[in-house]
1. Give region 111-144 a look and list any residue that's in contact (Cβ under 8 Å) with a residue 24 or more places away in the chain, outside any loop (DSSP other than H, G, I, E, B) and more than 12 Å from residue 12 (Cα to Cα), or say none.
2. Going by the conditions given, is residue 45 at pLDDT below 95 and either on the phi < 0 side of the Ramachandran plot or touching a strand residue (DSSP E or B) at 6+ places or on another chain (Cβ under 8 Å) (or both)?
3. Please note which helices (runs of 4 or more DSSP H) are completely contained in region 145-201 and include at least 2 residues that are open to solvent by less than 80 Å² (accessible area, probe 1.4 Å), more than 16 Å from residue 133 (Cα to Cα) and touching a Phe, Trp or Tyr at 6+ places or on another chain (Cβ under 9 Å).
4. Which one of 127, 112, 107 is at pLDDT 95 or above, closer than 22 Å to residue 176 by Cα and not polar (S, T, N, Q)?
5. Given the criterion over 18 Å from the mean Cα position of the chain (by Cα), not in a helix (DSSP H, G or I) and not polar (S, T, N, Q), identify the matching residue among 51, 102.
6. Which numbered condition trips up residue 99, out of (1) under 16 Å from residue 5 (Cα atoms); (2) buried (at least 16 other Cβ atoms within 10 Å of the Cβ)?
Amino acid sequence: MLKVGLTGGIGAGKSEVSRLLVSYGAVLIDADRIAREVVEPGTPGLAAVVAAFGDVVLTGDGTLDRPKLGSIVFADPERLATLNAIVHPLVGARSAELESAAGPGDVVIHDVPLLTENGLASLYDLVVVVDASPETQLDRLVRLRGMAEAEAKARMAAQATRADRLEIADLVIDNDGPLDALEPQVREVWDELTRRTADRA
């Protein structure tokens with residue numbers, strides 16, 4: 001098994017790279033998806049979040065009000081740290097569970113948005129970074145996701161710098177161009193990952 005950390009800044013195109021890798025045969029463990037699962041209604045994770053932040057972070061039907069929680073934690077580093085201390089161990093445990101179900105010859109892609117920020121590179125056999133310029137990221141967030149420019153810039157500023165991400169990269173996928181330029185690069189990375197997996201067998 002080859003454990004690969006996949007990361008990239010918001011708007012860099014990491015989701016599209018994940019989708020392509022899965023289509024080639026990778027096993028995907030998506031940290032964002034798991035982070036949502038561990039705070040679904042009835043979970044100990046949601047109970048812990050409500051205990052820390054109050055009922056104000058719940059919607060009328062008892063689900064987590066993500067925009068409300070986001071507005072609280074993104075404005076306050078201490079409260080963000082509180083949230084992370086609840087969610088990250090739960091995500092880690094579920095990720096390990098999913099990883100243990102993968103086969104010995106599998107390429108396991110851990111899609112981790114905050115891999116750089118949380119110093120997680122050493123957990124993986126290698127790190128793949130999806131790279132795009134800040135200008136491209138901003139354009140995609142505003143044009144494709146409909147974010148206000150100020151919000152997009154704030155989200156980008158809260159993440160690691162482009163230089164920090166590239167510093168931990170073993171392989172880099174340049175996604176600054178059009179979508180049709182992405183697929184050949186991802187295929188090339190996949191070939192490299194499968195070669196390294198075979199070398200470990």
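The values are calculated or read from the model by the stated rules, or taken from the named source; none is laboratory data. Here the structure is a predicted model, which is why all the values come from computation and not from measurement. In this analysis, Cβ positions are derived from the backbone assuming ideal geometry, glycine residues included, and neighbour counts consider all displayed protein chains. Ligands, DNA and RNA are stripped out before the accessible areas are found, and what is left, the full protein with its side chains, is counted by its heavy atoms. Shrake-Rupley method; radii C 1.70, N 1.55, O 1.52, S 1.80 Å.
1. If the condition is that a residue be in contact (Cβ under 8 Å) with a residue 24 or more places away in the chain, outside any loop (DSSP other than H, G, I, E, B) and more than 12 Å from residue 12 (Cα to Cα), then 111, 121, 123, 126, 127, 128 are the ones that fit.
2. For residue 45, the condition - at pLDDT below 95 and either on the phi < 0 side of the Ramachandran plot or touching a strand residue (DSSP E or B) at 6+ places or on another chain (Cβ under 8 Å) (or both) - is not met.
3. Filter on region 145-201 gives 182-200.
4. 127 is the lone residue from the list that is at pLDDT 95 or above, closer than 22 Å to residue 176 by Cα and not polar (S, T, N, Q).
5. Result of the check over 51, 102: 102.
6. (2)
To keep it simple, each residue is scored yes or no on (1) under 24 Å from residue 159 (Cα atoms); (2) of a type in the set (Ser, Thr, Tyr); (3) open to solvent by less than 50 Å² (accessible area, probe 1.4 Å); (4) in contact (Cβ under 8 Å) with a residue 24 or more places away in the chain.
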| site | (1), (2), (3), (4) |
| --- | --- |
| 65 | yes, no, yes, no |
| 69 | yes, no, yes, no |
| 80 | yes, no, no, no |
| 88 | yes, no, no, yes |
| 95 | yes, yes, yes, yes |
| 109 | yes, no, yes, yes |
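Per-residue answers, yes or no, for (1) in contact with a strand residue (DSSP E or B) (Cβ under 6 Å, 6 or more places away or on another chain); (2) within 18 Å of residue 22 (Cα to Cα); (3) of a type in the set (Lys, Arg):
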| position | (1), (2), (3) |
| --- | --- |
| 114 | no, no, no |
| 128 | yes, yes, no |
| 137 | no, no, no |
| 145 | no, no, yes |
| 163 | no, no, no |
| 168 | yes, no, no |
